[in-house]
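The block underneath contains the structure these notes are about, expressed in structure tokens.
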Amino acid sequence: MFTVIIPTHDRPLLLRRTLQSLIAQTYKDFTVVIVADSSGYLPPYEELAQLTGRYVYVIRSGIGGPAESRNMGLSLVKSRYVIFLDDDDTFEPGHLQALADGIGDSSPEILFCDFKILNEDRTVSPPQYLSTMDVSIADVTQNSVYVRNRIPNSSLVYDSRIVMPVKYDTDLIIYEDWDFLLDCLKGRTLGYLPINSVVIHKSSATAPENMRRGNTHDEKIIEVMLHLYKKHPAPNAETRLARQALLAGAGVSLPLEHF
């Protein structure tokens, strides 16, 4: 039913934790596609052995970064639904079962759910737990996604027939997941599932061991947002005004025609 695509780059211990969370799933109708953009470490054989017959592990060459890895993963999908899971995040054991139950006999195009943020310190190994916070995004709407994206990639489920023609933009250094979601949303519907079993692991310290990819390009945020606003026109006047207000709150005042 599901294909879980995991792009990974030189984080073998975190990847093992992510795979262990999939091994623990009570629902077993899924395949894992791991795409590594580096051959600097051995694949996690112990975890892969527990997924025998249900995984593909690819070491690719070319441009580094998750976008190209996700694109390669998409080329290997044969299931009805696709999930993207970052290599440092996890699912609680009942997550895929809850998704399957929520989908039921319906045919949702794109679904999203709530999540937890788990703060940890990665300057030590294994990472040291700091705190957990539940996050509800039940108020996210299709229009609001055109203003800003509050849905983590790991909280989304896509019908594979929708995502197969779409590619991640490998030229974007941030927000490529938001761009991909907006591409998929064109002419589609976005649904909400009230479950809270995705765990987004974040690190509080500023040491290199703690950094997520998106943390390192804050100076590009406004530039990339304006690019995405231009690429994905607002669906209505209310959304254009919301875009303008959001950037004005960040100190960027632009005429409405920019949105």
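Each reported figure results from applying straightforward, stated rules to the coordinates on display, with no laboratory input. Given the structure is predicted, the values throughout are model-derived calculations rather than measurements. Positions of Cβ are generated from backbone atoms using ideal geometry, with glycine treated the same way; all protein chains shown enter the neighbour counts.
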Subject >> Proximal lysines relative to LYS220, as straight alpha-carbon distance under 22 Å, when same-chain residues fewer than 8 apart are discounted >> reply: LYS167, LYS202, LYS230, LYS231
Original post:
If you wrap segment 112-259's Cα atoms in a convex hull and average its projection over all directions, what's the area in nm²?
Top reply: 10.1
**OP:** Based on other C-beta atoms within 10 Å, arrange VAL147, VAL224 from fewest to most.
**Re:** VAL224, VAL147
Original post:
If each Cα of segment 25-115 is one equal point scatterer, what is log10 of I(q)/I(0) from the Debye formula at q = 0.14, 0.26 Å⁻¹?
Top reply: -0.60, -1.59
**OP:** Could you grab the Rg to Rh ratio for segment 217-259? Cα atoms only, Kirkwood for Rh.
**Re:** 0.95
Subject >> Segment ARG16-LYS220, length gained on full extension (0.36 nm per residue, minus Cα span) >> reply: 70.3 nm
**OP:** Compute the acute angle (0 to 90°) between the alpha-carbon long axis of helix 12-23 and the principal axis of greatest extent of the alpha-carbon atoms of the chain; round to the nearest 10°.
**Re:** 80
Original post:
For the Cα atoms of the chain, what angle does the longest principal axis make with the long axis of helix 221-231, in degrees from 0 to 90, nearest 10?
Top reply: 80
Subject >> Relative counts (whole %) of C-alpha pair distances in segment 1-66, using bins that are 5 Å wide >> reply: 4, 17, 31, 26, 14, 6, 2, 0
Original post:
What Rg and what Dmax come out for the chain when only alpha-carbon atoms are used, in angstroms?
Top reply: 18.3, 57
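May I ask what percent, to the nearest 5, of DSSP beta bridges between residues of the chain are antiparallel? Can you show the working numbers first?
Working: 14 of 39 bridges.
Of all bridge pairs located within the chain, approximately 35 percent are antiparallel.
Using the Cα centre of the chain as the reference point, and only Cβ charges (+1 on K/R, -1 on D/E), how large is the resulting charge dipole? Debye, rounded to the nearest 20. Before the final figure, lay out the partial values.
Values: 25 positive and 32 negative charges, 81 e Å.
That gives a dipole near 380 debye.
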**OP:** Describe numerically, in nm with one decimal, the distance between label points set 7 Å from Cα along Cα→Cβ at HIS227 and at THR132.
**Re:** 3.7
